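Each value in this text was obtained by applying a stated rule to the coordinates, not by laboratory testing. The model shown is predicted, which means the values in this text are computed figures rather than measured ones. FYI the Cβ positions are ideal-geometry reconstructions off the backbone, even for glycines, and counts take in every protein chain you see.
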Amino acid sequence: MPDNPLLLPYERGTLALPNRIVMAPMTRGRADDTTGVPSPLAGDYYAQRTGAGLIVSEGIYAHPLGKGGPGIPGLVTPAQVAGWREVTGAVHAAGGRIYAQLWHVGRMTHPSVLDGATPVAPSAVRIVGEQIFTNEGLVDHVAPRPLTLAEIEETVAAFAAEARNAIAAGFDGVEIHGANGYLFQQFHAENTNRRTDGYGGSPSGRLRFTVEVVEAVTAAVGAERVALRISPDNPENEIAEEDAQETYRTLVDTLDPLGLAYLHVIERGAYGALADLRPRWSGTLVANFNGPEPTSPDAGENVLDAGLADLFSFGRHFIANPDLPARIASGARLDAPGRGPVYGGGAAGYVDYPPLAQPAI
Ligand SMILES: Cc1cc2nc3c(=O)[nH]c(=O)nc-3n(C[C@H](O)[C@H](O)[C@H](O)COP(=O)(O)O)c2cc1C
């Protein structure tokens, strides 16, 4: 048995993983921008990374208004489902497991990405301090339009439909993207949720949309194939959560009885989310650190050693090290990206990072 807990197998519920290393979801912007069908290279890209115990796909929009930028894929149309079937087929043929990340960006998009439509959000609160990348380059954000109650209902149903599409496309499960300042966290945070109806106000009001989506997705595909990603107290994308501890304790206490496949917690901000939420979550917990530099394998190992999580997810190191788990196992060097763009483009910087040469036997 290896000493490093990242390399131990993990079995719980529907998860049967050869190691505890998760490939974190990473947008790469290479889908067909018109159709939202994943790149024909996506199957190779993910298949190269099946050394991970579990892969979480890049964020995939659940609703056309949830698309956040050029080249983001969807899981709404039959052509998109067919495109993803190729990807999951390639991953499974290579012996891997892959969850689809279900995404809606809320206000983090622009009319030029949405065929002229105004972005939607809990409330009409515009991002003022940063710009957004579109096909026309970086532009100022527009004020989003508050979702009506009928649209909230429609969006909840869109997530359930996306989850069914994901299973039809061969994904092993789905992860709802409740993190990083996108639609769900815009509902959670006081500065972006000014609603006075049942979807705002108290923690349970601000959490209602998230809970309804988790319940609808669970009803659609079964709790054992549903996960949720959160980033308590994450200030990214102009989010300000005044009481992250109370909000996320309430969320975790509400969702724990459902028996989800896992909870994916990004530790960020002043609130020590992992230590606080770990004892309240009885299921599998996946941890991630989102700092200025790619998280080191040692940091992940320390989190598992400390018992703060069951699995650890790495993002940036998987870009240039498709065989990251093998490199962690052998203590080999980690390469840095640089062969091509992270977002957008084709094969360069995407599927052209080689695994380390295997020693001759
Ligand atoms: C290029 C890139 C794209 C990302 N796209 C997503 C995404 O689609 N969904 C998501 O939840 N997180 C996304 N993230 C965040 C990562 O999942 C992860 O939290 C972050 O990279 C920190 O982990 P690391 O230090 O191992 O890189 C992205 C990060 C990067 C670098």
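As a length-normalised measure over Cα pairs under 8 Å and 6 or more apart, the relative contact order of the chain settles at 16 percent.
In this simple spin-label approximation, ALA168 and GLN131 carry label points 7 Å from Cα along the Cα→Cβ vector, and these lie 4.0 nm apart. Given 25 °C and 0.890 mPa s, how large is the Stokes-Einstein diffusion coefficient of the stretch 5-330 in µm²/s, with Rh as the Kirkwood radius over Cα pairs? Value of D from the Cα-based Kirkwood radius: 126 µm²/s.
Note that the stretch 228-243 has calculated 3J(HN,Hα) couplings of 9, 10, 10, 9, x, 6, 7, x, 4, 6, 6, 9, 9, 8, 6, 9 Hz, one per residue in order, obtained from phi through the Karplus relation 6.51 cos²θ - 1.76 cosθ + 1.60 (θ = phi - 60°); glycine and proline are x.
By the Kirkwood approach, averaging reciprocal distances over each pair of separate Cα atoms, the stretch 306-361 gets a hydrodynamic radius of 12.9 Å. Within the chain, helices built from complete DSSP H runs that reach 15 Å or longer along their own axis (Cα positions) and carry a mean Kyte-Doolittle hydropathy of 0.5 or higher are 149-168, 203-221.
In the neighborhood of ARG28, defined by Cβ-to-Cβ distances under 14 Å, what is the net charge if each Lys or Arg adds +1 and each Asp or Glu adds -1? That sum, taken over residues with Cβ under 14 Å, equals -1. Summing charges over all other residues whose Cβ lies under 15 Å from the Cβ of ASN4, with Lys and Arg as +1 and Asp and Glu as -1, gives -3.
Near GLY53: Cβ cut-off under 9 Å, other residues only, Lys/Arg at +1 and Asp/Glu at -1. The net charge is +2.
The ARG12 and ALA143 beta-carbon pair, evaluated with R₀ = 41 Å, returns a calculated FRET efficiency of approximately 0.40. What is the Cα centroid distance between the stretch 10-77 and the stretch 244-276, reported in whole angstrom? Going from one Cα centre to the other spans 23 Å. Once both labels are positioned 7 Å from their Cα atoms along Cα-to-Cβ, the gap between ARG339 and GLU246 label points is 5.1 nm. Would you mind telling me the antiparallel percentage of the DSSP bridges in the stretch 5-330, rounded to 5? Percentage antiparallel, nearest 5: 20.
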